[in-house]
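Student: Take a look at this one; I'll ask things after.
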Amino acid sequence: MAQTRRIRITAGPVKMDADLNASPTATLIWNALPIEAPGQTWGDEIYFGIPVRADQEPNAQAVVEPGAIAYWPPGNAFCIFFGPTPASRNRNEIRPYSPVNVVGKVLGDPAQFKQVRSGTKVRLEQAE
């Protein structure tokens, strides 16, 4: 069994760990850490460009669960989903702009990310 790859996400007042899955995109992100960039918000999503280039994976998802962390191939962006986006079709659906490669899930209450405003610096690093 592969070792768990845990990352720490720091976004303004929010610090939360997340586990990466075993997908090829998650491995590319793990190998690029640490990453720091100003985050943007789109509904209840935080996203920002990262220095990773990956194609859409065959199991890319058009709808994700709360707390999903993902990579958006068209924008080379890391995404944190914690609620509906402008593309959601109802208040219980979390729909990315277009399908994303889900790379893991946050450990904790994803609603904490509602405190983060556009332009806030977000840091991804390997957790200790």
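Student: Specify the residue that is farthest from K114 (Cα to Cα); the eligible residues are those in the stretch 1-11 that are of a type outside the set (G, A, S) and either buried (at least 16 other Cβ atoms within 10 Å of the Cβ) or in contact (Cβ under 8 Å) with a residue 24 or more places away in the chain (or both).
Tutor: Here the residue is R5.
Student: Among the listed residues P99, P73, P51, P34, which satisfies the condition of being under 18 Å from A127 (Cβ atoms) and out of contact with any Gly (no Cβ under 9 Å at 6 or more places or on another chain)?
Tutor: Unique residue meeting the criteria: P34.
Student: Could you say whether any residue in the stretch 80-100 is polar (S, T, N, Q) and either at positive phi or in contact with a Phe, Trp or Tyr (Cβ under 8 Å, 6 or more places away or on another chain) (or both)?
Tutor: Here is the first cut: in the stretch 80-100, the ones polar (S, T, N, Q) are 85, 88, 90, 92, 98.
Next, from what is left, pick out any that are either at positive phi or in contact with a Phe, Trp or Tyr (Cβ under 8 Å, 6 or more places away or on another chain) (or both): 85, 98.
Within the stretch 80-100, one or more residues are polar (S, T, N, Q) and either at positive phi or in contact with a Phe, Trp or Tyr (Cβ under 8 Å, 6 or more places away or on another chain) (or both).
Student: Only residues that are assigned to a helix (DSSP H, G or I), more than 13 Å from the chain's Cα centre (by Cα) and either of a type in the set (V, I, T) or buried (at least 17 other Cβ atoms within 10 Å of the Cβ) (or both): list them for the stretch 12-48, please.
Tutor: Hits for the stretch 12-48 are T27, L28.
Student: A further question follows. Before we move on, is I80 in a helix (DSSP H, G or I) and under 24 Å from K114 (Cβ atoms)?
Tutor: No; evaluated as a whole, the condition is false for this residue.
Student: Please indicate, with yes or no, whether at least one residue in the stretch 52-65 is within 14 Å of the chain's Cα centre (by Cα) and in a strand (DSSP E or B).
Tutor: yes
Student: So, R123, is that one within 13 Å of the chain's Cα centre (by Cα) and under 19 Å from M16 (Cβ atoms) or not?
Tutor: Spelling it out, R123 is indeed within 13 Å of the chain's Cα centre (by Cα) and under 19 Å from M16 (Cβ atoms).
Student: Tell me which residues, restricted to the stretch 83-112, are in a loop (DSSP other than H, G, I, E, B), among the charged types (D, E, K, R) and surrounded by 16 or more Cβ atoms within 10 Å (Cβ to Cβ).
Tutor: Hit for the stretch 83-112 is R95, nothing else.
Student: Separate question: Of all residues in the stretch 25-49, count the ones that are closer than 20 Å to V116 by Cα and touching a residue at least 40 places away in the same chain (Cβ under 8 Å).
Tutor: Going through the stretch 25-49 one residue at a time, the tally reaches 14.
Student: Every residue in the stretch 56-82 that is surrounded by fewer than 19 Cβ atoms within 10 Å (Cβ to Cβ), of a type in the set (G, A, S) and within 20 Å of Q40 (Cβ to Cβ), please.
Tutor: Matches in the stretch 56-82: G75 only.
Student: Any residue at all in the stretch 116-127 that's in a strand (DSSP E or B), in contact (Cβ under 8 Å) with a residue 60 or more places away in the chain and farther than 17 Å from G12 by Cα?
Tutor: yes
All of the numbers you see were taken from the coordinates with simple rules; none came from a lab. The shown structure was predicted, so the numbers you read here are calculated from the model rather than taken from an experiment. Cβ: placed from backbone, ideal geometry, glycine included. Neighbour counts: every protein chain shown.
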